[in-house]
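Okay, structure first, notes after.
The values are calculated or read from the model by the stated rules, or taken from the named source; none is laboratory data. If you're wondering where the values come from, they're calculated on a predicted model, not measured in any experiment. No Cβ is skipped: glycine too gets one built from the backbone with ideal geometry, and neighbour counts run over all protein chains shown.
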Amino acid sequence: MSAACLDMSDHAGGIRRLAMMQPDRRNALSDEMRGALRDALEGAHGDRAVRAIVLTGSGGCFCAGGDIKAMGQPIPVALERLEVVHDIIRLIALGPKPVVAAVDGVAYGGGMSLALACDSVVATEGARFCASFGRVGLVPDMGAMWSLPRRVGAARAQRLLLTGVEVRGARAVELGLADLLAEGALDPAALDEARALVPAAPLPAAHFKPIIARHHGDLEAVLRAERDAQAALFATDDHAEARSAFLEKRTPAFTGA
């Protein structure tokens, strides 16, 4: 069964493929997409027939991150929306089954966070990773301050977050943002990687994934800290200016207020 914005299909070896299906919006994390992803991940983890999950996009893009048009809500509403994507990150990073991100095109902001939370990232030459959070006047969210340093090291992570530079294809693999470069079609490469990650005994993974997550930095602590930071930044003039500039297709004029 698939939601309007998310296609679900099962493949040989117990692999469930989840494809974000709003390419006209570059698969941005709308409220509909957030809810569908959370429900689909919960369902996949709870289905004994599913042994691994592939998360991908459609229309030549992975995910453009947060839905800027939906931002600007009252802070309690904005934090409720943030909690939904936190649930998604927990399901990916701490869930009992391996999750592979299959990335083509943009993986910007929260889209990058979504990919980096996965156990493995398979990218095409056209994959484009970018920590673009500063462009909307917010801190990195969806666990990026946890997942990015784990993949590339603290110093390099900080530089990527400060500069917001775009990293593509083979360079993403070289830096550690992605694990494999798809030599042919993306889907077969990602499905093969998912099958490779399926453990012979499935139960231990449900224990060691959370242990590794805690040992290499406390994901829950990061999610709490980013929630507090975003609550402060949602109310700033700079965040309002970033939203207006996006909608008006111009460069934002930040003032630090």
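Say whether the condition of being closer than 30 Å to Arg25 by Cα and in contact with a Lys or Arg (Cβ under 8 Å, 6 or more places away or on another chain) is met by at least one residue in the stretch 207-219.
yes
Return the residue satisfying two criteria in turn: it lies in the stretch 36-63 and is more than 30 Å from Gly169 (Cα to Cα) and in a loop (DSSP other than H, G, I, E, B), and of such residues it is nearest to the chain's Cα centre (by Cα).
Asp47
Could you list, in sequence order, the residues of the stretch 44-59 that are touching a residue at least 24 places away in the same chain (Cβ under 8 Å) and either surrounded by fewer than 22 Cβ atoms within 10 Å (Cβ to Cβ) or not hydrophobic (A, V, I, L, M, F, W, C) (or both)?
Correct list: His45, Asp47, Ala49, Val50, Arg51, Thr56, Gly57, Ser58, Gly59.
Given the options Ala178, Ala231, Ala221, Ala245, name the one that is closer than 24 Å to Phe129 by Cα, under 21 Å from the mean Cα position of the chain (by Cα) and not in a strand (DSSP E or B).
So the residue among Ala178, Ala231, Ala221, Ala245 that is closer than 24 Å to Phe129 by Cα, under 21 Å from the mean Cα position of the chain (by Cα) and not in a strand (DSSP E or B) is Ala178.
Applying the selection to the stretch 60-78, what residues are buried (at least 16 other Cβ atoms within 10 Å of the Cβ) and not β-branched (Val, Ile, Thr)?
Once the filter is applied, which keeps residues that are buried (at least 16 other Cβ atoms within 10 Å of the Cβ) and not β-branched (Val, Ile, Thr), the stretch 60-78 yields Cys61, Phe62, Cys63, Ala64, Gly65, Gly66, Asp67, Ala70, Met71, Ala78.
Hey, among the residues in the stretch 2-27 that are in contact with a Cys (Cβ under 8 Å, 6 or more places away or on another chain) and touching a residue at least 60 places away in the same chain (Cβ under 8 Å), which one's nearest to Val198 (Cα to Cα)?
Only one residue fits best here, namely Asn27.
With respect to Ala157, is the statement that it is small (Gly, Ala, Ser), surrounded by 19 or more Cβ atoms within 10 Å (Cβ to Cβ), in contact (Cβ under 8 Å) with a residue 24 or more places away in the chain and touching a helix residue (DSSP H, G or I) at 6+ places or on another chain (Cβ under 7 Å) true?
No; evaluated as a whole, the condition is false for this residue.
Mind listing just one residue for me: the one in the stretch 64-99 that is among the basic types (Lys, Arg) and in a helix (DSSP H, G or I) and, of those, farthest from the chain's Cα centre (by Cα)?
Of everything passing the filter in the stretch 64-99, Lys69 is farthest from the chain's Cα centre (by Cα).
Could you please let me know if Ala44 is under 25 Å from Leu197 (Cβ atoms), out of contact with any strand residue (DSSP E or B) (no Cβ under 6 Å at 6 or more places or on another chain), modelled with pLDDT of 95 or more and not acidic (Asp, Glu)?
no
All but one of (1) farther than 18 Å from Gly217 by Cβ; (2) of a type outside the set (Lys, Arg); (3) surrounded by 24 or more Cβ atoms within 10 Å (Cβ to Cβ) hold for Cys130; which doesn't?
(3)
Only residues that are over 9 Å from the mean Cα position of the chain (by Cα) and part of a helix (DSSP H, G or I): list them for the stretch 101-146, please.
Within the stretch 101-146, Phe133, Gly134, Arg135, Val136, Met145, Trp146 qualify.
Do you know which of the residues in the stretch 213-248 that are closer than 13 Å to His86 by Cβ and of a type in the set (Asp, Glu) is surrounded by the fewest Cβ atoms within 10 Å (Cβ to Cβ)?
Asp228
Can you name the residue in the stretch 248-257 that is of a type outside the set (Gly, Ala, Ser) and at pLDDT 85 or above and is also farthest from the chain's Cα centre (by Cα) among such residues?
Selected residue: Thr255.
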